[in-house]
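Undergrad: Before we start, here is the structure in question, set down as structure tokens.
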């Protein structure tokens, strides 16, 4: 197996558009990580689905957090308290944080509707993979390496690529297959980027449209890759990952 690199970060996002949780291991199978993007958030009165990239009132949303707790999905605002996603306390916390009435809703299958559920805004790929090579390239182009952090780009898997791998490498690998454990990951398309990429997160990532401009100029609007998954495995930080071809 030809080496591609090493898994350095794993992320899942139980609630779409909100901050996720960093993991040491995750179950990887067709459909992606277990518990990834199971719920969304809406404006309570209109039912409008959150769109931080399009509407300014939603911009703070990535600064709310979601995780899988002992009893299921929990959400919080970083003050140390966590609330069950389907509780009145969770809705109240989000509403106070955003400044307007908000409510959490479970996702129905893409393209469908159901009572009390919402459909995801887009057809989600199994996983989103991002390499350190691409982040280093973007940091050089941007001239602000402190602004190039995986949290800004919301990957599921971050791969520290081998030293001889440079540039926006995912663009060059569409159609190629990687192997990790008993699973095969296929690069299907570059991950198209929108204004969400420019949003501020925490105290260390500022609102920075230049990030999106550089991606548009040098990556044809794409950064990282969307991938499909065959087989199942438990993927762990530190796992080696390589090309499936001999």
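The values are calculated or read from the model by the stated rules, or taken from the named source; none is laboratory data. Everything quoted here is computed from the prediction, not taken from an experiment. For neighbour counting, all protein chains shown are included, and Cβ atoms are generated from backbone atoms with ideal geometry for every residue, glycine included.
Undergrad: Quick check on my filter: what residues within region 172-218 are within 23 Å of residue 64 (Cα to Cα) and part of a loop (DSSP other than H, G, I, E, B)?
TA: Scanning region 172-218 gives 193, 194, 199, 200, 202, 203, 204, 206, 207, 208.
Undergrad: Next question, about the same structure. Is there a residue being surrounded by 17 or more Cβ atoms within 10 Å (Cβ to Cβ) and more than 30 Å from residue 97 (Cα to Cα) anywhere in region 194-206?
TA: Among the residues of region 194-206, not one is surrounded by 17 or more Cβ atoms within 10 Å (Cβ to Cβ) and more than 30 Å from residue 97 (Cα to Cα), which makes the answer no.
Undergrad: Restricting the search to region 67-92, which residues are without any contact (Cβ under 8 Å) to a residue 24 or more places away in the chain, part of a helix (DSSP H, G or I) and over 22 Å from the mean Cα position of the chain (by Cα)?
TA: Of everything in region 67-92, those that are without any contact (Cβ under 8 Å) to a residue 24 or more places away in the chain, part of a helix (DSSP H, G or I) and over 22 Å from the mean Cα position of the chain (by Cα) turn out to be 88, 89, 92.
Undergrad: Can you report the number of residues in region 115-153 which are assigned to a loop (DSSP other than H, G, I, E, B) and buried (at least 20 other Cβ atoms within 10 Å of the Cβ)?
TA: Number of matching residues: 2.
Undergrad: Restricting to region 17-58, name every residue that is farther than 30 Å from residue 162 by Cα, assigned to a loop (DSSP other than H, G, I, E, B) and either modelled with pLDDT of 95 or more or touching a helix residue (DSSP H, G or I) at 6+ places or on another chain (Cβ under 8 Å) (or both).
TA: Of everything in region 17-58, those that are farther than 30 Å from residue 162 by Cα, assigned to a loop (DSSP other than H, G, I, E, B) and either modelled with pLDDT of 95 or more or touching a helix residue (DSSP H, G or I) at 6+ places or on another chain (Cβ under 8 Å) (or both) turn out to be 17, 18, 44, 50, 51, 52, 53, 54.
Undergrad: Additional query: Go through 202, 181 for me and flag whichever is within 24 Å of residue 12 (Cβ to Cβ), modelled with pLDDT under 95 and over 20 Å from the mean Cα position of the chain (by Cα). Break it down into steps so the answer makes sense when it comes.
TA: Numbers: 202 fails: over 20 Å from the mean Cα position of the chain (by Cα).
That would be 181, the only listed residue that is within 24 Å of residue 12 (Cβ to Cβ), modelled with pLDDT under 95 and over 20 Å from the mean Cα position of the chain (by Cα).
Undergrad: Please identify the pairs in which a residue from region 135-150 that is free of Cβ contacts under 8 Å to residues at least 40 places away in the same chain has its Cβ atom under 7 Å from the Cβ atom of a residue that is surrounded by 14 or more Cβ atoms within 10 Å (Cβ to Cβ) and in a helix (DSSP H, G or I), counting only partners at least 6 apart or on another chain.
TA: Listed by first residue and then by second, the contacts come to 145/139.
Undergrad: Mind checking whether some residue in region 158-165 is surrounded by fewer than 18 Cβ atoms within 10 Å (Cβ to Cβ), over 30 Å from residue 27 (Cβ atoms) and either modelled with pLDDT of 95 or more or under 18 Å from the mean Cα position of the chain (by Cα) (or both)?
TA: No: zero hits.
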